[in-house]
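Readers should treat all values here as calculations from the given coordinates under stated rules, not as data from a laboratory. This is a predicted model, so every value here is computed, not measured. Ideal geometry is used to build each Cβ from the backbone, glycine not excepted, and the neighbour counts take in all protein chains shown.
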Ligand code: DON
């Protein structure tokens, strides 16, 4: 079986260095930048755009720690990776310190004060997907700048201004547009026409940028300068807040300057678990990611996946059955813990996994039905971004953040140059509406004032015997959790190399709709026939997730960056 059919091999080799930046000064090591796997001697950043990875690696090289580098990378992505990098969205940061302690920063967007569970119904009283996903009401109160400021205040080691400055320069002076970015923007030519500030920002005199062109974003540079100079107040107060609130008022949105002033990022306890001797450190609610990940791993621990073999019908069947059950529980129980009583301990306990395992048949698919809960949102796109950082001291940071859909709401704040999220789409559509397509209407994740919408983002860190093993995460809506799951299994059960663990084909099942979605090449047609004969409906998809990961080489203790080749812009930068 060829698990990596049609994905380019990603050799671990110094020959992959694309560029070595900065002329070597006496004691200043060069930064190596590669689209393939890369080993470094000290610090490593892997993200979705070369300039952003480089900004992070330069922060590390100049003495910043992994949190500093994560902040610099995140701001740079807000300039160079507009499809998902952001200051107008939100996300999660998981941090593991060199002594083994860990924490998470939750900077998920919140619903504005005026929000209520029926806010996505049209004038006719019917649910409106447009209001839910593509309107000013789809915008949540952004969290990214507050999250970075909190992480910096508590755990950063460098000056704040120096972490924002690379992004300011990239926006002000421009950066080189990659082929992938040029294609992505050109594909939005018609869609952005309805959003004049967005159209002006991403098209030059109405024409798409070509690969190699320089994209300058002057309004964004001015906003980033305010953030550089005033910290969180550069975003949540003053000029930026005023411009955002004015755009809301113009477009019928509900976010006010008061909503912005009240927004707080929070530090939470990570969700933790164990799997075959590995420690799992992942994101707590309001993400469902860590909880569902640990739940599924606990279930799978009782099966001999290694004996089944990677990507065999037996392996796929057991994955799907674990996923089906975890996603049903996700719909039933997972939401913002400040608003709902989320039973994380029970869901992540070994005892509960034993119970679940008892309901899985070895060779037959179980049913999925909306009546399992009396059931959310069926629409999640593939545009979020994950990046990983490890510093020379062994501190590790795993960040996944998003605008929700690609380019979020498509709304750029006029005069402020940044895109707003459409994260309100992650609240359940309307009370009681659960259906076969995957809409969920369960109570805990309905829109309420200042509640955070449920997420699937799963920034994760793997450790073993007190040592760092890997920093893992991915975009992909609900598929994120299953992407991270399979990378852990690939390492723990199948002993795959870092590159194999990331490139190996993946599958996805989310309870409803009751379909196993397999990446092309996941298994042979003959094996797929065996899987279908167990009662699984199968669909083939082109690609699942973009997992920009870092692994620690057990022999040398050095980080190995593995950009996922599913994204040609993915870049490892280290020194
Ligand atoms: O928080 C979530 O789970 C989603 N808003 C993430 C969206 C996403 O991953 C889209 N793309 N990759």
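At 222 nm, what value in deg cm²/dmol follows for the chain if DSSP H runs of at least 4 each add -39500 (n - 2.57) and the sum is divided by all its residues, to the nearest 500?
It lands at -9500 deg cm²/dmol.
How large are Rg and Dmax for the stretch 432-508 when calculated on the C-alpha trace, in angstrom?
Calculated on Cα positions, Rg and Dmax stand at 16.3, 46 Å.
Can you tell me the relative contact order of the stretch 108-259? Whole percent, Cα pairs under 8 Å, sequence separation 6 or more.
29
Once the Cα atoms of the chain are picked out, what are the Rg and Dmax in Å?
Cα radius of gyration and Dmax of the chain are 22.1, 71 Å respectively.
Once the principal axes of the Cα atoms of the stretch 447-552 are found, what is the range along each, listed largest first in whole angstroms?
Here the spans come out as 44, 42, 22 Å, largest first.
What share of Cα pairs, in percent, lie more than 17 angstrom apart in the stretch 407-448?
Taking all Cα-Cα pairs of the stretch 407-448, the fraction more than 17 Å apart is 47 percent.
Ranked from highest to lowest mean number of other Cβ atoms within 10 Å per residue, what is the order of the peptides 405-413, 302-310?
405-413, 302-310
Just the number, please: Stokes-Einstein D of the stretch 465-520 in µm²/s, Kirkwood Rh from C-alpha pairs, 20 °C, 1.002 mPa s.
Roughly 175 µm²/s, to the nearest whole number.
Residue separation times 0.36 nm, minus the C-alpha to C-alpha distance between residue 214 and residue 250: what's the value?
The span from residue 214 to residue 250 would gain 9.8 nm if fully extended.
If I model a spin label as a point 7 Å beyond the Cα along the Cα-Cβ vector, how far apart are those points for residue 351 and residue 191 in nm?
Using points 7 Å along Cα→Cβ, the separation is 4.7 nm.
Please give the Cα centre distance for the stretch 402-438 versus the stretch 525-575, rounded to the nearest Å.
26
Defining a contact as two alpha carbons under 8 Å apart and six or more residues distant in sequence, what relative contact order in percent does the stretch 197-260 show?
This gives 17 percent for the stretch 197-260.
Averaged across orientations, what area in nm² does the convex hull of the alpha carbons in the stretch 502-575 project?
Hull-based average projected area comes out at 7.0 nm².
Work out how far the C-alpha atoms of the stretch 396-471 reach from end to end along every principal axis, then list the three figures in whole Å, largest first.
46, 40, 25
So how do 194-205, 289-300, 491-502 stack up, highest first, on mean other-Cβ count within 10 Å?
Result, highest mean first: 289-300, 491-502, 194-205.
Between residue 157 and residue 366, what is the label-point separation in nm under the 7 Å Cα-to-beta-carbon projection?
Output for this residue pair reads 4.6 nm.
Apply 1/(1 + (r/R0)^6) to the Cβ-Cβ distance of residue 124 and residue 435, taking R0 = 25 Å, and write down the FRET efficiency to the nearest 0.05.
The value I calculate is 0.85.
How large is log10 I(q)/I(0) at q = 0.11, 0.13, 0.14, 0.20 Å⁻¹ when the Debye formula is applied to the Cα atoms of the stretch 273-419, each weighted equally and without solvent?
Each listed q corresponds, in turn, to -0.57, -0.77, -0.87, -1.36.
With a Cα-only, solvent-free Debye model of the stretch 291-335, what are the log10 I(q)/I(0) values at q = 0.29 Å⁻¹?
Normalising to I(0) and taking log10 leaves -1.01.
Could you give the radius of gyration (one decimal) and Dmax (whole number) of the Cα atoms in the stretch 77-209, in Å?
Rg, Dmax (Cα atoms, Å): 18.6, 57.
Take every Cα-Cα distance within the stretch 201-278, group them into 5 Å bins from 0 onward, and report for each bin the whole-number percent of pairs it holds.
For the stretch 201-278, the pair-distance distribution reads 3, 12, 14, 13, 13, 12, 11, 8, 7, 6, 2, 0.
Name all residues of the stretch 95-111 having a backbone nitrogen under 13 Å from the label point set 7 Å from the Cα of residue 269 along its Cα→Cβ direction, giving them as ranges.
102-104
Listed highest first by mean packing, meaning other Cβ atoms within 10 Å per residue, what order do 219-228, 528-537 come in?
219-228, 528-537
Compute the orientation-averaged projected area for the stretch 165-235 from the convex hull of its Cα atoms and round it to one decimal in nm².
Quarter of the Cα hull surface area: 5.0 nm².
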